[in-house]
Structure formats: structure tokens, C-alpha cells
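Presented below is the structure to which this report refers.
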Amino acid sequence: MASTLSLVDLKLRCHLGVPDAERRKPQTVLCTAVFPVPSLSQAAHRDDLRKTVDYHALSRILESEARRTPRKLLERLAHDLARAACQAFRLPWIELELKKFILPNTRWVSLRARFGAKELR
């Protein structure tokens, strides 16, 4: 089994929603990202950040991309986040779950998707 790292429920601020009124105000979307560790044995043996994914840097890239432009759909936000992450870290794939808190009588609405780097080019 491949080793993975996870960022769980990273708070992203973004302008998101189909109605114009919903996009006007920034809202919080929680993002969970799961991605492969390039070389667990080398990272562990050498204790070397260059042999793995700098998850702090990844969190900053995701935050920046979420703020970059207003979007209507969770699907578009997920695609843009995945593309930014895969390009910055040469990840072969990334799994994202986005949670949006918009509908009454629900805890959240979520999208879970896996993106391969080849399909994001």
C-alpha cells in the first residue's frame, strides 16, 4: 500500500455559490486533501523534507488558490485546487473532500473527488 499524507479540514476562505448574492460574501469551506508521499523510506531515513511533501507549503497554496477567484461550483473549486497542488508538488494524484455549510437542516454539503495529474493539464 502506498503511503499518504492528509490535511484534514483545512479552512479555506472563498467566494463560492451559484447565486450572485451567495458569492458576494466570503465563506469557509473545509478541505481535506490526501496525497502520496513520494519516498517514505528516504524521507524517514534522511529526515529530509525534500523527500516528501511540505504540507505547510501545500496548505498555503490551497488557501491562496481558494481566494484567487470567485466560483459557482464546488466541482470547479476542487479542480482548481487539485491542479494547483499537483503542479506545485508534481503529485501523480490528489484526493479532495470539500465541505460547504450552506443548506439549512444539513451539517454540510460535500464533494469528494480524486484527480490524476494527467487529467489536470
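The values are calculated or read from the model by the stated rules, or taken from the named source; none is laboratory data. Keep in mind that this is a model prediction, so the values were computed, not measured. Cβ coordinates were reconstructed from backbone atoms using ideal geometry, including for glycine residues, and neighbour counts include every protein chain displayed.
So is Val34 loosely packed, with under 14 Cβ neighbours inside 10 Å and β-branched (Val, Ile, Thr) or not?
Values: loosely packed, with under 14 Cβ neighbours inside 10 Å: no; β-branched (Val, Ile, Thr): yes.
In short, no.
When you look at Glu22, is it farther than 25 Å from Arg121 by Cα, of a type in the set (Asp, Glu) and surrounded by 12 or more Cβ atoms within 10 Å (Cβ to Cβ), yes or no?
Numbers: farther than 25 Å from Arg121 by Cα: yes; of a type in the set (Asp, Glu): yes; surrounded by 12 or more Cβ atoms within 10 Å (Cβ to Cβ): yes.
Against the criterion (farther than 25 Å from Arg121 by Cα, of a type in the set (Asp, Glu) and surrounded by 12 or more Cβ atoms within 10 Å (Cβ to Cβ)), Glu22 qualifies.
Quick check on region 65-84. Is at least one of its residues surrounded by fewer than 18 Cβ atoms within 10 Å (Cβ to Cβ), farther than 23 Å from Trp108 by Cβ and within 16 Å of the chain's Cα centre (by Cα)?
Checking region 65-84: at least one residue is surrounded by fewer than 18 Cβ atoms within 10 Å (Cβ to Cβ), farther than 23 Å from Trp108 by Cβ and within 16 Å of the chain's Cα centre (by Cα).
In region 76-93, which residue that is more than 15 Å from Leu12 (Cβ to Cβ) and either of a type in the set (Asp, Glu) or out of contact with any helix residue (DSSP H, G or I) (no Cβ under 7 Å at 6 or more places or on another chain) (or both) is modelled with the highest pLDDT?
Gln87
May I ask you to list pairs of residues, at least six apart or on different chains, whose Cβ atoms are under 7 Å apart, with the first in region 100-121 being at positive phi and in a loop (DSSP other than H, G, I, E, B) and the second being loosely packed, with under 12 Cβ neighbours inside 10 Å and among the β-branched types (Val, Ile, Thr)?
none
In region 26-58, which residues are farther than 16 Å from Ser3 by Cα and at pLDDT 95 or above?
Pro26, Gln27, Thr28, Val29, Leu30, Cys31, Thr32, His56, Ala57, Leu58
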